[in-house]
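Structure first, commentary second.
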Amino acid sequence: AKAEGRGRWCFFEPEMDARMRERRLLELDLRRALVVGEFELHYQPIVAVASRRVSGLEALLRWRHPERGLVPPDAFIPLAEEIGLIVPLGEWVLAQACRDAAGWLGTPKVAVNLSPVQFASRGLVDAVATALELSGLDPARLELEITETVMLQDTQATLATLHRLKALGVRIAMDDFGTGYSSLSYLQRFPFDKVKIDRSFTSGLEQSPRSNAIVGAVTDLCLGLDMTITAEGVETEEQLQELRRKGCGEAQGYLFSKPQPAAEIPMLLARLAAE
Ligand code: C2E
Ligand code: CA
Ligand code: CA
Ligand code: CA
């Protein structure tokens, strides 16, 4: 029995070890990547439903790994949040997105995702102000996307931060609306300029009467509250037409374009303007 017990122990231990080691390696690799500059931003257009004109571009983080290739954010942001690296990484994203957007003359807004960890960090408002100053970007062209997780944290602190950000002249969007712990009171209490309705609702627009009704209701709600509404993950012309019928303001998704490297954006904007 003793041997068996030891055997079982030995069965679990190397596995745990391997996972910890892998995590530790990824951590070191992430820190290294930030220093040597392996991160890059791709951009996906946000389109006005009625005119089909590009009203903004969302910055989406990628890791250009020397061996693993292009790594998507879901593969490293959770760990970056855990080890606090998301704060300097997020500052880099802010600075780079503002710099890119300032170079695209005539281009509308640029949207930047903020991690809840980054949002709660001390230096956030200063980092936004610095990114704006150094790039010379008009603050009205910067939009910050936050998720409902932010609202679950200390409400007073969150509200204070949102007001300081708004005082800089930037816009605030609530991301992934309808997933998480959506509460209508968030829309009442927090000064959002925009609500982004999650892809899970958009993709059900045609087949699911429930998703369809939810998108309609959220659109009406946002119109009544004088907020812009953006439908995420629009992939078909039928979805776009249904959004138009509902009076949804903006759409984003593969129907228009997948996220593209920054260098491709001037050409992408020209192509979309010509369509
Ligand atoms: P998100 O903010 O909800 O971004 C939308 C995600 O949906 C992106 O995935 C985008 O590529 C994908 N998408 C857009 N249109 C379509 C479509 O029509 N169909 C489908 N199937 N997918 C579509 P991505 O780039 O992998 O980003 C995943 C998440 O990672 C983002 O979700 C965001 O939460 C996070 N993220 C990305 N960049 C950053 C960043 O700079 N900072 C932070 N904190 N988070 C980021
Ligand atoms: Ca987003
Ligand atoms: Ca989203
Ligand atoms: Ca999401």
Worksheet, complete the sentence: Residues of region 95-121 being under 13 Å from Leu162 (Cα atoms) and open to solvent by 50 Å² or more (accessible area, probe 1.4 Å), in sequence order, are Ala120
Discussion item. Checking the structure you have, find out if any residue of region 64-78 is touching a Lys or Arg at 6+ places or on another chain (Cβ under 6 Å) and surrounded by fewer than 17 Cβ atoms within 10 Å (Cβ to Cβ).
Written reply: yes
Discussion item. Exactly one condition in (1) under 14 Å from Thr107 (Cα atoms); (2) among the hydrophobic types (A, V, I, L, M, F, W, C); (3) within 16 Å of ligand 4 (Cβ to nearest atom) is false for Leu60; which is it?
Written reply: (1)
Response to the item:
Among strands (runs of 3 or more DSSP E) entirely inside region 38-150, those with 2 or more residues being more than 22 Å from Asp198 (Cβ to Cβ) and out of contact with any helix residue (DSSP H, G or I) (no Cβ under 8 Å at 6 or more places or on another chain) are 69-71
Practice prompt. Give the residue, chosen from Leu137, Leu152, Leu132, Leu124, that is over 30 Å from Ala48 (Cβ atoms) and more than 16 Å from ligand 2 (Cβ to nearest atom).
Written response: Leu152
Worksheet item: Taking region 141-179 on its own, how many of its residues are under 14 Å from Ala111 (Cα atoms), β-branched (Val, Ile, Thr) and within 15 Å of ligand 1 (Cβ to nearest atom)?
Response: 3
Response to the item:
Sole miss for Met20 among (1) open to solvent by less than 90 Å² (accessible area, probe 1.4 Å); (2) outside any loop (DSSP other than H, G, I, E, B) is condition (1)
Worksheet item: Restricting to region 151-183, what's the tally of residues that are touching a residue at least 24 places away in the same chain (Cβ under 8 Å), assigned to a helix (DSSP H, G or I) and more than 25 Å from Leu57 (Cβ to Cβ)?
Response: 7
Practice prompt. Say whether the condition of being hydroxyl-bearing (Ser, Thr, Tyr), outside any helix (DSSP H, G or I), within 16 Å of ligand 3 (Cβ to nearest atom) and open to solvent by less than 60 Å² (accessible area, probe 1.4 Å) is met by at least one residue in region 227-243.
Written response: yes
Practice prompt. Could you grab me the full set of residues in region 244-269 that are assigned to a strand (DSSP E or B) and either open to solvent by 20 Å² or more (accessible area, probe 1.4 Å) or touching a helix residue (DSSP H, G or I) at 6+ places or on another chain (Cβ under 8 Å) (or both)?
Written response: Ala251, Gln260, Pro261
Item to complete: May I ask you to list the residues in region 155-197 that are in contact with a Pro (Cβ under 9 Å, 6 or more places away or on another chain) and open to solvent by 10 Å² or more (accessible area, probe 1.4 Å)?
Response: Leu159, His163, Lys166, Leu168, Gly169, Arg171
Practice prompt. Using the structure shown, decide if Leu152 is more than 16 Å from ligand 3 (Cβ to nearest atom), open to solvent by less than 30 Å² (accessible area, probe 1.4 Å) and within 20 Å of the chain's Cα centre (by Cα).
Written response: no
Worksheet item: Can you name the residue in region 198-221 that is within 15 Å of ligand 3 (Cβ to nearest atom) and within 23 Å of Thr155 (Cβ to Cβ) and, of all such residues, is surrounded by the most Cβ atoms within 10 Å (Cβ to Cβ)?
Response: Val218
Worksheet entry | Gly224 on the phi > 0 side of the Ramachandran plot and either more than 16 Å from ligand 4 (Cβ to nearest atom) or charged (D, E, K, R) (or both) | no
Fill in: When residues of region 172-194 are limited to those that are within 13 Å of ligand 4 (Cβ to nearest atom) and charged (D, E, K, R), the one nearest to Val128 (Cα to Cα)
Asp175
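The values are calculated or read from the model by the stated rules, or taken from the named source; none is laboratory data. Predicted model only: the values in this text are computed from it and were never measured. Because the Cβ atoms are built from the backbone with ideal geometry, glycine has one as well, and the counts that use them run over all protein chains shown. SASA here: full protein model, heavy atoms, side chains in, ligands and nucleic acids out. Shrake-Rupley method; radii C 1.70, N 1.55, O 1.52, S 1.80 Å.
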